[in-house]
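Colleague: One structure, as structure tokens, below. Some questions next.
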Amino acid sequence: MKLLLLTTLLAITLYADVKHKMLELFQNRDYKEACTMGFKNFAQYSRDEEYVSLYGFSCLNIDYVDRLSVPITILKLTPESRANAAYFSIILMQKKLLYHALLDNYDISSLNLPTTDYILSKVFDFYTKQGKHEPKEFYIFEDEDDKNLKYKLYILKDGKIDKMIIEEFYNSISTKKHIYW
């Protein structure tokens, strides 16, 4: 009996440590490490929606958008969880549609989807607002709130899989590159 109690207490302590460590990594903006830790421990803690949300937002912050598909299906028990699932769903759908539009010349200009503050959503909105058009090698969009901020959208051809790239420029200086496939 004492061994079972000791094992249970140890498991609870280790679990709290994993979740606490992930939160600490997230707060310190070490999203990659938080996402990796969340991925490694996901099977054990997939019933904890706070953990799943923390994992989802950690992965989102490093552009691992495809890792959102599992949290989307799990997050359903609380209003906050459902809101997070909806947020993740919008971003994942926009990524898939924009990628399809760029590679296959699929017209998404008539779509009127919810949006988010995530970079992919902003670029998706800019792309759809330009209406039906001939495909271009790249697209440049100017931020509506900051005229010094621009986004360049293009496909990078690769031998294995083509990648969708969004580069952020501030005063013509590249500040961040987002890579999706």
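Colleague: Using Cα pairs under 8 angstrom and six or more residues apart, how large is the relative contact order of the chain, in percent?
Modeller: Over the chain, the number comes to 11 percent.
Colleague: Add +1 for every Lys or Arg and -1 for every Asp or Glu among the other residues with Cβ under 9 Å from the Cβ of ILE165, and state the total.
Modeller: Around ILE165, the surrounding residues sum to +2.
Colleague: Continuing with the same structure: Using alpha-carbon pairs under 8 Å, 6+ residues apart, how would you state the relative contact order of the range 72-154 in percent?
Modeller: Across the range 72-154, relative contact order equals 20 percent.
Colleague: Continuing with the same structure: Residues with beta-carbon under 9 Å from that of ILE155, excluding ILE155: net charge, scoring Lys, Arg +1 and Asp, Glu -1?
Modeller: Within the 9 Å Cβ shell, the charges total 0.
Colleague: When ranked by the protection proxy of mean other Cβ atoms within 10 Å per residue, highest first, what sequence do the peptides 122-135, 44-57 form?
Modeller: The most tightly packed comes first, giving 44-57, 122-135.
Colleague: What distance in nm separates the simple spin-label points at ASP117 and LEU23, each placed 7 Å from Cα in the Cβ direction?
Modeller: 2.1 nm
Colleague: How high is the FRET efficiency from HIS133 to ARG82, r the C-beta distance, R0 30 Å, rounded to 0.05?
Modeller: 0.25
Colleague: Which whole-number percent is the relative contact order of the range 126-170 (Cα, under 8 Å, 6+ apart)?
Modeller: Relative contact order comes out at 29 percent.
Colleague: Note down the accessible area of SER81, probe 1.4 Å, to the nearest 10 Å².
Modeller: Probe radius 1.4 Å; accessible area of SER81 about 10 Å².
Colleague: In the Gaussian network model of the chain, springs joining C-alpha atoms below 10 Å, which of LYS32, LYS96, LYS157 carries the largest mean-square fluctuation?
Modeller: Highest fluctuation among the options: LYS157.
Colleague: Using every alpha carbon pair in the range 32-143, what percent of pairs falls into each 5 Å bin from 0 up to the bin containing the largest distance?
Modeller: 2, 12, 21, 19, 16, 12, 9, 6, 2, 0
Colleague: For the Cα atoms of the chain, what angle does the longest principal axis make with the long axis of helix 119-129, in degrees from 0 to 90, nearest 10?
Modeller: Helix 119-129 and the main axis of the chain meet at about 30 degrees.
Colleague: How long is the gain from ASP104 to LYS152 if the chain were fully straight, where each residue apart is worth 0.36 nm and the alpha carbon distance is subtracted?
Modeller: Length gained, ASP104 through LYS152: 15.4 nm.
Colleague: Determine ³J(HN,Hα), in whole Hz, for all residues of the range 73-80 in sequence, where each value follows from phi through the Karplus function 6.51 cos²θ - 1.76 cosθ + 1.60 and θ = phi - 60°; x replaces Gly and Pro.
Modeller: So the Karplus estimates, Gly and Pro as x, are 7, 8, 6, 8, 7, 10, x, 5 Hz.
Colleague: Right, here's the next one. Could you pull out every residue, at least 5 positions away or on a different chain, whose amide H is within less than 5 Å of the one on TYR64? Hs are placed 1.01 Å off N in the peptide plane, and Pro or chain starts have none.
Modeller: none
Colleague: Extension gain ASP48-ILE140, at 0.36 nm per residue separation less the Cα-Cα distance, in nm?
Modeller: Stretched fully, the ASP48-ILE140 segment lengthens by 29.0 nm.
The values are calculated or read from the model by the stated rules, or taken from the named source; none is laboratory data. Bear in mind that the values here come from a model prediction, so they are computed numbers and not experimental data. Neighbour counts are summed over all protein chains in view; Cβ atoms, including those assigned to glycine, are modelled from backbone coordinates with ideal geometry. To get the accessible areas, we keep the full protein, side chains included, count just its heavy atoms, and leave off ligands, DNA and RNA. Shrake-Rupley method; radii C 1.70, N 1.55, O 1.52, S 1.80 Å.
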